[in-house]
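Asker: Could you have a look at this structure, given as structure tokens, before my questions?
The values are calculated or read from the model by the stated rules, or taken from the named source; none is laboratory data. Please read all numbers here as calculations on a predicted model, not as lab measurements. All Cβ positions, even for glycine, are placed from backbone atoms using ideal geometry, and neighbour counts span all protein chains on display. Quick note on the areas: whole protein, heavy atoms, side chains included, nothing else; ligands and nucleic acids left out. Shrake-Rupley method; radii C 1.70, N 1.55, O 1.52, S 1.80 Å.
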Amino acid sequence: MTISVNTMRAIDHWVGVPLCAIVSPFIALLDGIKNIFGRDKAAPKKLLFIELSEMGSAILVDPAMRNAQARGAELYFLIFKSNRASLTLLNTVKPANIFTIDSSSLGGLIKDTLRFLILARYHRIDTVIDLELFSRFTALLTGLCGARRRVGYHIFHGEGLWRGFMLTRKVHYNPHIHITKNFLSLIHAAFAKEIEVPFSKIHIPDSEVRLEQAVINLTVLEKVRERIEKKAKEAGISYTHGKDRLILINPNASDLLPQRRWAQQRFSELIQAVHQHYPNDLILITGSPAEFVYVDKVRSVANVKNALNFAGQVTFAELPPLYTLSDVMVTNDSGPGHFSAVTPLRTVVLFGPETPALYGSVGNSIAITANLACSPCVSAANHRKTPCHDNVCMQAITVDQVLDKVKTQLHEADKAKGR
């Protein structure tokens, strides 16, 4: 049975806090001994990133990973097994250097955690960067994996986010700059020759926040194109790639924060509005295989012939080809908004409980947010859990608002493609 997000949060708090309190004195003692012998002097050579739960963050950390790579570090990564595929979009980390933890059961979680602690020592990881925002579980992994240099976010004089003394280099998490810049500040701390309190006292220019583009396999691209045209033909739709536009609608969001979902009815109305303005264009409603029923409800309510249920029709590895073939995508604030940033695809991303100022896509994207007084209601300070059960912030976004941005993005796509 899969462990729910709320169960993970509860375990992280009720088990993680006392474990951090128990382990911290021993970690501090070992660090003191290592410092006597100058064990923290050498620059990172084998650097491990820990980011378990957010697939989108595995994309947003890529500029930081390439920064560390350019400084001569060999990269490793630890991630939940269910999210491993997100690291394959840009292949910055070698497959052999990716460690996974199975979070589908408590037994698997414990077994893979112990396995990781052994592997980290076997590979002689010397530096760990904990990318998670004040997770006690990742703090314990960081402290116990044997690395001499351990970097992550520290609460300092704040309250409620204490997670022990696992870090040798404590970075101030800045909730007023984009998360990609926060990740880059961790790299500065890892390679800094002098200790700062707090790290990192540097300016990070916007030019450093740039994603590499995915390398598209032309054979896979052609297979995806043929699959789309076959699906359209079976539905009696006349569609020719290059002549007709391809518009993606991604109506779901992960269970990590269900308040991010725009209503199914709104997506159906948006499909109707898009079809009214662009009657010859093909609309694919996307999602994972598990989201087929959810997607089909959106399709059936819209009742638009040119809108097809495309949930489960492409593998994760085929997303970049699909996005490359498409002209625009509308999506909730979720993984696809970030995955598409490694392609030229133009997106419209809907934000409510989270803010694009911190988590906006770094691709060709337009963010829409209602800017309510209560938004964003999730942050590092509450472990991204909100008491809200009525996401007015998402309900306040209108179909006309979204359609207007879709028109803007399609106009730009047409110019780029010479249509």
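Asker: Can you tell me which of (1) closer than 20 Å to LEU19 by Cβ; (2) open to solvent by 20 Å² or more (accessible area, probe 1.4 Å); (3) of a type in the set (A, V, I, L, M, F, W, C) is the one VAL128 doesn't meet?
Answerer: Tallying (1) closer than 20 Å to LEU19 by Cβ; (2) open to solvent by 20 Å² or more (accessible area, probe 1.4 Å); (3) of a type in the set (A, V, I, L, M, F, W, C), VAL128 fails exactly one: (2).
Asker: If you don't mind, another one. Within the stretch 142-173, which residues are under 20 Å from LEU109 (Cβ atoms) and crowded, with 24+ Cβ neighbours inside 10 Å?
Answerer: Within the stretch 142-173, THR142, GLY143, ARG163, MET166 meet the criteria.
Asker: Would you kindly identify the helices (runs of 4 or more DSSP H) lying entirely within the stretch 1-120 that contain at least 3 residues that are modelled with pLDDT of 95 or more, open to solvent by less than 50 Å² (accessible area, probe 1.4 Å) and of a type in the set (S, T, N, Q)?
Answerer: Here the list is empty.
Asker: Report yes if some residue within the stretch 348-356 is over 20 Å from GLN259 (Cα atoms) and of a type outside the set (Lys, Arg); otherwise report no.
Answerer: no
Asker: Can I ask one more? Please state which of the following conditions ALA416 fails to meet, knowing it meets all the rest: (1) open to solvent by 40 Å² or more (accessible area, probe 1.4 Å); (2) over 30 Å from ASN217 (Cβ atoms).
Answerer: Result: ALA416 passes all but (2).
Asker: Considering only the stretch 209-253, how many residues are surrounded by 18 or more Cβ atoms within 10 Å (Cβ to Cβ) and either at positive phi or in contact with a helix residue (DSSP H, G or I) (Cβ under 8 Å, 6 or more places away or on another chain) (or both)?
Answerer: So the answer is 15.
Asker: Given the conditions (1) part of a loop (DSSP other than H, G, I, E, B); (2) out of contact with any Asp or Glu (no Cβ under 8 Å at 6 or more places or on another chain); (3) open to solvent by less than 10 Å² (accessible area, probe 1.4 Å), report the number of the one that SER268 does not fulfil.
Answerer: The single condition SER268 does not satisfy is (1).
Asker: Scan the stretch 174-204 residue by residue and report those that are aliphatic (A, V, I, L, M), over 21 Å from the mean Cα position of the chain (by Cα) and surrounded by fewer than 16 Cβ atoms within 10 Å (Cβ to Cβ).
Answerer: Scanning the stretch 174-204 gives ILE195, VAL197, ILE202.
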